[in-house]
1. Out of 252, 245, report the one residue that is assigned to a helix (DSSP H, G or I) and either of a type in the set (A, V, I, L, M) or in contact (Cβ under 8 Å) with a residue 60 or more places away in the chain (or both).
2. Of the residues 165, 183, 200, which is in contact with a Lys or Arg (Cβ under 7 Å, 6 or more places away or on another chain) and not aliphatic (A, V, I, L, M)?
3. Filter the range 267-282 for residues that are open to solvent by 40 Å² or more (accessible area, probe 1.4 Å) and not in a strand (DSSP E or B) and give the result.
4. Could you list all residues from the range 16-68 that are of a type in the set (A, V, I, L, M) and in a loop (DSSP other than H, G, I, E, B)?
5. Of the residues 225, 214, only one is assigned to a strand (DSSP E or B), open to solvent by 10 Å² or more (accessible area, probe 1.4 Å) and within 26 Å of residue 136 (Cβ to Cβ); which?
6. Do the conditions hold for residue 207, that is, is it within 22 Å of residue 185 (Cβ to Cβ) and at pLDDT below 90?
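The values are calculated or read from the model by the stated rules, or taken from the named source; none is laboratory data. Bear in mind the structure is a predicted one, so any value in this text is a computation, not a measurement. When we count neighbours, we look across all protein chains shown, and the Cβ atoms used for this are built from the backbone with ideal geometry, even at glycine. Side chains are part of the model used for accessible areas, which takes the heavy atoms of the whole protein and leaves out ligands, DNA and RNA. Shrake-Rupley method; radii C 1.70, N 1.55, O 1.52, S 1.80 Å.
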Amino acid sequence: MKKLANIDLKLLQLFDEICQTRNLSRAAENLNLTQPAVSLALGRLRQHFGDPLFVRVGGKMVPTPIAEQLHELVAHAIALLEATIAYQPRFDPAGDSRLFRIAMTDVGQIVVLPHILNTFRDVAPHIQVDVITITNEIAGQLQHGDVDLALGFVPDLDGRYIQQKLFEDGFSCLVREGHPRVKDVLTVQSFQDEEHVIVKTSGTGHLIIEHNLQQRGLHRKVGVQVPNFIGVATVVDSSNLIATLPGRAAQLLARAHGVRAMKLPVDMPLYSVRQSWHERMQHDPAHKWLHTKVAEIFNSG
């Protein structure tokens, strides 16, 4: 019988990292290890399991069949070990001063963030929040603990993640007051004749607008491209450009900037705004409080 003492958390993390990256140098960099340390650790793993585990094919380290079978078990073991190490028997939101790292889209910063900060001010006044922008790297950031929670339009995450719907949203169009051509109703013709503020980004949430417009045969004339939605209302207010954006954000920006949020000339499907976290944080008291509190904010209206 092989002894458990032969394997520790760092060895399991290295195995998992190599399975994901298929590259020893990248695995070493991600885990802050030297190349000799990685080679030594991989040797211990190979000896323990009696298998090469990874073989070099071209420029990649390809898992053997045994390594592929082990990967799911190892990932689950890492999650359990990390949860055990991070476990705290209690969490006192009124007195705790920890930092929560929350990833959001720019629309989430407009719609979701103010509700969270107002709630935390009342029930957890010492809690700090570090907001970062959601990118296509969000799955890895959640898995490695670089981000505690992701909020916004987040595509389905494959693997050991939990996602919870907070609310559904649609789309509206922002138009400045006194626009010379767009009056009480936005028509298909005027939507396509007017120049638009286009959000151009590689982020996760913005492409849904373009995809749905194209499916409905709507094409936008590009007046200007901006990197996010946060400055859109200012551009619309100072020009004859119009902009399409999520409905809740459009209503908030309309009130704040004196522009109009108008109904689109065609029906578009709703989409879900969700919060997402890694399963290893599911039972951590602090993180459980965090995602439970966020759900309460939006389930209560």
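1. Answer to the check: 252.
2. 165
3. Within the range 267-282, 267, 269, 270, 279, 282 qualify.
4. Answer for the range 16-68, where residues must be of a type in the set (A, V, I, L, M) and in a loop (DSSP other than H, G, I, E, B): 31, 33, 53.
5. Answer to the check: 225.
6. In short, no.
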